[in-house]
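The values are calculated or read from the model by the stated rules, or taken from the named source; none is laboratory data. Just so it is clear, the structure is predicted and the values come from calculations on it, not from any experiment. Heads up, the Cβs are rebuilt from the backbone with ideal geometry, glycines too, and the neighbour counts pull from every protein chain shown. We work out accessible area using only protein heavy atoms, side chains counted, and drop any ligands, DNA or RNA first. Shrake-Rupley method; radii C 1.70, N 1.55, O 1.52, S 1.80 Å.
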Amino acid sequence: MLALGVGLYGAEASARPAEAIRPPGALPEQDFLAACVRCGLCVRDCPFDTLKLSELGDNVATGTPFFEGRKVPCEMCDDIPCVKACPTGALDRELTDIGKARMGLAVLIDQETCLNFLGLRCDVCYRVCPVIDKAITLELVHNPRSDRHAMLLPTVHSEHCTGCGKCEHSCVLPEAAIKVLPHKLAQGKSAEHYRKGWVEREAAGGSLIGEQHQLPMRGLEDRKYGDTRVAPGYVPPSDAPVKPGGIDSGWKP
Amino acid sequence: MSAASHTQPAVPPAPTEASSRASVMTRPGAEAVKVKGWLRAHKWLLLRRVVQLGILVLFMLGPWFGLWIVKGNLSSSLTLGVLPLTDPYLLLQSVAAGQVPYKEALLGGGIVAAFYLLFGGRLFCSWVCPVNMVTDAAAWLRRRLGIKGGKVPSEYTRYWLLGLTVLASALTGSIAWEWVNPVSMLHRGLIFGFGLSWGIVLGVFLYDLLIASRGWCGHVCPMGAFYGVLNSAALIRVTADKRSGCDDCMDCFAVCPEPQVIRPALKAVAQDHPLILDKDCTSCGRCIDVCGKDVFRLTTRFDRSES
Ligand code: SF4
Ligand code: SF4
Ligand code: SF4
Ligand code: SF4
Ligand code: SF4
C-alpha cells in the first residue's frame, strides 16, 4: 500500500509541469527524475554556487538540482564542470559546448512594465546576455504613442538562448519583466503539416504554384509594393469618389 | 532503577522475578555494566557511534570548513577526487526506470555492493546509516518510558516494499523511493539543507516511539531490506559461542533491533552451531555489549566453534 502510494505520488508529482530550471545538459524532465540520484556533486563543482539541491517544500522534486536565475544565474562556464561532475548521466556529457545548453528559455513576459516596451531605452537584459545579438536582439518598431519615436523591443530567439538567466538576474525592475521558463511552459508547437509559404518559396527559389499576379491596391497604385506610408496632406487620386471605409462605408448585404 | 533487587541474577528468586523482568525491559545491560564496567558494556555502541558520526563529519568537512575530502552524499559521492561510491539500491531503481547510468555511477555502485556483499550488507544499517541513530534513540526512549503495544507490521513488509519500489520505479519512470526515503532526506538534509525533510525523519522517530517498536528499521525500510539481501553471505557475523553461560536474563533480546535472529543461535533452534546467520542481523554488536556473561562475540561466518 505504502509503495503504491509512493509510486502514485511520485507519478503525480512528476506529471506536473516542472517549474525548475535544471543545470546545463539535464535530460528531459521525466528521464532526469529517473537518472539523477540527488547526490549534489554538480552543486559542489559549480564555481559560482549557482546550483542548489531542492528541499522538501520547494516546488521541485526533493533533492534534485536546480537554480533560480533571478538569484544566481548560470555563468556558462566553458568547461561545464557541473556536467563533468555528474556520475549518473542525468547531466548529459554529450553537451560539450555550453552555447548549446538549453536550460530554459527567456521570455519577455511582462510587456506592460518592461522599460523598453514603454518606449524608453533600458536594454540591460540585452547587454548582459552572453549570447548577445543572437539569443536576444533589439527589434526596432514604430512607437504609436508618440508617433515619432522608435521602440527597441528585447526579443529572445529560442534557437540561441541557453536559459542561463543572466537577463532575468539583471532586469532593473523590482520584479523581472524577462524570465527564464522551462521550455514546456515557454514554447508553443506548430502542427507538423504547417508550411510557411515564404520559406518554401525561398527554399525552392521561386513560387511552387507559379508566379502570382500582383493585384493593384486601391489608393496605392503609384507606390512601390509594400510602401503603405501616408504623406502629410496626401490625397488619393480623385478619378473615383472617395468613400469612407469600415463601418461607415454604407455597404449593405 | 531496581538493580538493587537484582542481586542474584543467575537464579532470581520467584517473588522478584516480575520486577527484575521490568528492569530488564527498561534498562537492559545494567548487569553487564556492573560486571564489565560502563565502557566495556558500551564498547560496540560507542565504536558504532564514532564510525557513524565520523562518516558524517567527513561529508560535512567540505561545506563547513572547505575541506573537500568527500563530496556529495550517501546517494553518490566522490572521495579525494578518485573514489566514486554510489548507492546500489538507487541505481537498481534508476535502471528499473529505464536509465543506463554512466560508468562512474556503475563502478561506484559496484564497489559499494561488492564491499557489503563480502562483509555484510547490514553493516550499512548499523555502522553508516544516519537514521540508525534516530531509530536507536526512539527504541531507547520507548524502553525508558515503558511504552508498550502499538501495531507492528510483519517483518516481511520491507521485502515487499523493496520489490514494490523497484516495480514502482519501472512503472512511473522515476526513482520511486527517493520521494520519501528518510535515509537520504536526513543525510542530504544535514549536508545540503533540510527544508521540510526533517518532518519525515521526525515521523520515523515518532513511528518507532509510539506505534511500532523497532518498526522502521526492523519492518518497513526497503533500503534496509536491500542491504539485508546483500547480507545473506556476510563474512562478519556474531556468534553466541559461550551460550552455555547464558542465564536467560533476556537483555540481548531487549536491545537487539532484530530480536528474532538471536534465538536459533542462542537456543539452538533449528541449527546446531552458535552463529547468527540470519540476514536481518545488522552486526551492531549491541548484544555483545549488554551480555553480562560475555556469551557473544564478533567473528566470521566460518567460525562455528563453541566454548
Ligand atoms: S555552467 Fe558553470 S555556472 Fe553554470 S551551472 Fe554549470 S558550473 Fe554552474
Ligand atoms: S551530479 Fe548528477 S546525479 Fe548528482 S545531483 Fe547532480 S544531476 Fe543529480
Ligand atoms: S537566458 Fe537571457 S541572458 Fe541567457 S542566453 Fe537567454 S536571453 Fe541571453
Ligand atoms: S532589463 Fe528588464 S526593463 Fe530593461 S529592457 Fe530588459 S526586460 Fe525590459
Ligand atoms: S533499515 Fe533503513 S533506515 Fe534503518 S539503518 Fe538500515 S537503511 Fe537505515
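General observations
- Leading residue at positive end of dipole, the protein assembly as shown (Cβ point charges), from B:271, B:210, B:195: B:271
- Counted charge near residue B:191, where neighbours are those whose Cβ lies closer than 14 Å (Asp, Glu -1; Lys, Arg +1): +4
- Based on alpha-carbon atoms, the Kirkwood radius and the radius of gyration of the range B:64-165 give Rg/Rh equal to 1.06.
- Helix B:103-119 and the longest principal axis of the C-alpha atoms of chain B enclose an angle of approximately 10°.
- Sorting the segments B:70-76, B:272-278 by their residues' average number of neighbouring beta-carbon atoms within 10 angstrom, most packed first, yields B:70-76, B:272-278.
- Order by protection proxy (mean Cβ within 10 Å, highest first), peptides A:120-133, A:163-176, B:167-180: B:167-180, A:163-176, A:120-133
- Nitroxide proxy distance, nm - points 7 Å out along Cα→Cβ at residue A:109 and residue A:223: 3.9 nm
- Computed from Cα positions, the angle between helix B:157-172 and the longest principal axis of chain B comes to roughly 10 degrees.
- Sorted on the mean count of surrounding Cβ atoms within 10 Å across their residues, most packed first, peptides B:58-69, B:109-120, A:147-158, A:30-41 read A:30-41, B:109-120, A:147-158, B:58-69.
- Across the protein assembly as shown, the convex hull enclosing all Cα atoms gives 235 Å³ per residue.
- Mean separation of Cα contacts under 8 Å (6+ apart) over length of chain B, as relative contact order %: 23 percent
- Mean sequence separation of contacting Cα pairs (under 8 Å, at least six apart), scaled by the length of the range B:69-229, corresponds to a relative contact order of 29 percent.
- Kirkwood-type radius of the range B:165-307, with distances r between different C-alpha atoms, in Å: 17.1 Å
- Helix axis angle, B:43-65 relative to chain B longest principal axis, alpha carbon, degrees: 30 degrees
- Structure note, pairs A:100/B:103; B:36/B:293; B:34/B:293: Cα-Cα distances above 20 angstrom occur for A:100/B:103.
- Globularity index of the range A:121-180 is 1.17 (Cα radius of gyration / 2.2 N^0.38 Å, N = number of residues).
- Pairwise inverse Cα distances across chain B, averaged and inverted, put the Kirkwood hydrodynamic radius at 20.6 Å.
- Between chain A and chain B, roughly 3100 Å² of accessible surface gets buried, counting both sides and using a 1.4 Å probe.
- At a probe radius of 1.4 angstrom, the accessible area of chain B per residue rounds to 43 square angstrom.
- Average other protein chain Cβ within 10 Å of Cβ, residues B:184-193: 4
- Pairs exceeding a 32 Å alpha-carbon distance, out of A:52/A:184; A:84/B:279; A:84/A:196; B:148/B:279; A:71/B:71: A:84/B:279; A:84/A:196.
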